[in-house]
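Shown next, in structure tokens, is the structure this report addresses.
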Amino acid sequence: MHFLPDLATAPDTLASGVRSQFPVLAQRIHGAALAYLDNAATTQVPLPVLAAMRNFEVHDRANIHRGVHALSQRATDAFEQARSALKRFVGAGAGHELVFTSGTTEALNLVAHGLSAAAAGSAFLQPGDEIIVSGLEHHANLVPWQQAVRRSGAALRVLLPDAQGRLHPEDLVRLLTPRTRVFALTACANATGERPPFEALLALAAQAGALTVLDAAQAMAHAVPNLSALACDFMAFSGHKMHGPMGTGALVGRLAALERLAPLRYGGDMVDWVSYTDAGFAALPSRLEGGTPHVAGAVGMAAAAAFIDAVGRSGIDAHVAALRAHAAAGLAAIDDITVLSPWAAESAIVSFVARGVHPHDIGTLLDEQGIAVRTGHHCAQPLLDHLGLGPTTRASFALYNTHDEVERLVAGVARALEVLQ
Ligand code: PMP
């Protein structure tokens, strides 16, 4: 039986075309075909990305920037080409720069720390200043700001969502003051799937004179933001959420904004000159990239961006949106299930709660059927507390997922509820 006949028979042409590039998907879990629906936590890596990384390690591995020998120059070229490719991928222009990090978490810490710590001169954030963070945020875009407030004496304000988990521009207008120095927001809430109107919110904050920070962790494998079209000073993302390697990521932003950041890591590769008592720092992006970077990781991230572009962004966006709509409608049709942000058409995440049943039990029963979902607070405890929800079950989709997998998810959840209720 199909839960939604029209959606259940929607074409999976895109998914079937790319699945062979992801060997990890072709396995059985507890006797059933793996349905990997945990892409918001980590996406899988296709063969061309692994090949690009292997090629670097086998042929070009050397430390970058410091060597005059051929291998060091090739490694430096590979790293800088990866930087340029990723800048193009996110629509960065001549006034932007990209700094490699270990992920979104490090990128956001770099911003929050960099604005509240003094490197040369005084820190950007001063006592009496205000930082506004949205109430949809992953802990990675909240806890660093809590620390920045402690370091600087600035105050933290939260742009709370309504009871349905939506953010409203008029609420932001009420919070903005002449002392607002920073506004930080997600492009998609990983716990609920809510896709806030980030373009309008960032523009309002920028008009009020604040620096703007976009956590784009959930918006790199599909519906990728175009940085040049946004009033955005800093954008953070992770390689592993865009079919690239784990432990990689980037902070991309306006040069003038990046110039304001105190480095997070002091040491080699980020200095201009050093004496026993002092140092002068290198120009961007090196100034914010102290130490030996994950060069193969940068190469892998760029290969992942190339893979996404080769498959085609609009096709991926349409496919993922169709999977999400199918899952949201199918799950909402089950008694006692509430789907969060059912309207979030551009999201790849469907998060839900079931009356009287713990998500962990649903996740365990789904796993027995080979279906991988995530359960819990998804590192967004304040949001789920605010919504009065507690933990949820979350399925999240990527280009290789199929409508058949969505049908298995919906049937599996219905069966789990029968067993558990
Ligand atoms: N922000 C959001 C919205 C996320 O979903 C995640 C990962 N779950 C992060 C930040 C942190 O990313 P990472 O662990 O790759 O640093």
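The values are calculated or read from the model by the stated rules, or taken from the named source; none is laboratory data. No experiment lies behind these values; they were computed from the predicted model shown. Cβ atoms come from the backbone with ideal geometry, glycine included; neighbour counts cover every protein chain shown. The protein model used for the area step is the full one, side chains on, heavy atoms only, and it has no ligands, DNA or RNA in it. Shrake-Rupley method; radii C 1.70, N 1.55, O 1.52, S 1.80 Å.
Please go through the stretch 26-44 and give me each residue that is assigned to a loop (DSSP other than H, G, I, E, B) and within 14 Å of the ligand (Cβ to nearest atom), ordered by number.
Listed by number, the residues that qualify are N39, A40, A41, T42, T43.
One residue is enough: does the stretch 387-399 have a residue meeting the conditions modelled with pLDDT of 95 or more, within 16 Å of the ligand (Cβ to nearest atom) and among the aromatic types (F, W, Y)?
Within the stretch 387-399, one or more residues are modelled with pLDDT of 95 or more, within 16 Å of the ligand (Cβ to nearest atom) and among the aromatic types (F, W, Y).
Could you tell me how many of the residues in the stretch 176-190 are in a loop (DSSP other than H, G, I, E, B) and more than 13 Å from the ligand (Cβ to nearest atom)?
Qualifying residue count for the region: 4.
Checking A262 against (1) assigned to a strand (DSSP E or B); (2) within 21 Å of L115 (Cβ to Cβ): exactly one of these is not met. Which one?
Against the list (1) assigned to a strand (DSSP E or B); (2) within 21 Å of L115 (Cβ to Cβ), A262 comes up short only on (1).
For the stretch 148-171, how many residues meet the condition of being within 21 Å of F237 (Cβ to Cβ) and either away from the ligand (no atom under 16 Å from the Cβ) or out of contact with any Leu (no Cβ under 8 Å at 6 or more places or on another chain) (or both)?
So the count comes out to 1.
Name the residue, out of L110, L98, L115, that is buried (at least 23 other Cβ atoms within 10 Å of the Cβ), farther than 28 Å from D385 by Cα and out of contact with any Pro (no Cβ under 7 Å at 6 or more places or on another chain).
Going through L110, L98, L115 in turn, the sole match is L115.
What number of residues in the stretch 105-138 are within 16 Å of the ligand (Cβ to nearest atom) and assigned to a helix (DSSP H, G or I)?
9
For the structure I just gave you, tell me whether V173 is outside any helix (DSSP H, G or I), out of contact with any His (no Cβ under 8 Å at 6 or more places or on another chain) and in contact (Cβ under 8 Å) with a residue 24 or more places away in the chain.
No, not satisfied.
Could you please find all residues in the stretch 406-421 being surrounded by 17 or more Cβ atoms within 10 Å (Cβ to Cβ) and charged (D, E, K, R)?
E407, R408
Residue check, Y276 against (1) part of a loop (DSSP other than H, G, I, E, B); (2) touching a residue at least 60 places away in the same chain (Cβ under 8 Å), all met but one. Which one?
(2)
All but one of (1) in contact with a helix residue (DSSP H, G or I) (Cβ under 8 Å, 6 or more places away or on another chain); (2) polar (S, T, N, Q); (3) free of Cβ contacts under 8 Å to residues at least 24 places away in the same chain hold for S314; state the number of the condition that does not hold.
(1)
What are the residues in the stretch 118-134 that are open to solvent by 10 Å² or more (accessible area, probe 1.4 Å) and in contact with a Leu (Cβ under 6 Å, 6 or more places away or on another chain), if any?
Selection gives F124 alone.
Say whether the condition of being at pLDDT 95 or above, touching a Gly at 6+ places or on another chain (Cβ under 8 Å), closer than 26 Å to L110 by Cα and open to solvent by 30 Å² or more (accessible area, probe 1.4 Å) is met by at least one residue in the stretch 293-301.
Checked against the condition, which is being at pLDDT 95 or above, touching a Gly at 6+ places or on another chain (Cβ under 8 Å), closer than 26 Å to L110 by Cα and open to solvent by 30 Å² or more (accessible area, probe 1.4 Å), the stretch 293-301 yields at least one hit.
I need the full set of residues from the stretch 62-77 which are part of a helix (DSSP H, G or I) and open to solvent by less than 20 Å² (accessible area, probe 1.4 Å), in order please.
S72, A75
Take the stretch 320-369 and flag every residue that is in contact (Cβ under 8 Å) with a residue 40 or more places away in the chain, loosely packed, with under 15 Cβ neighbours inside 10 Å and part of a helix (DSSP H, G or I).
E368
Mind checking which residues of the stretch 195-236 are touching a strand residue (DSSP E or B) at 6+ places or on another chain (Cβ under 6 Å) and either among the polar types (S, T, N, Q) or within 11 Å of the ligand (Cβ to nearest atom) (or both)?
The answer is T212, L214, D215, A216, A217, M220, A236.
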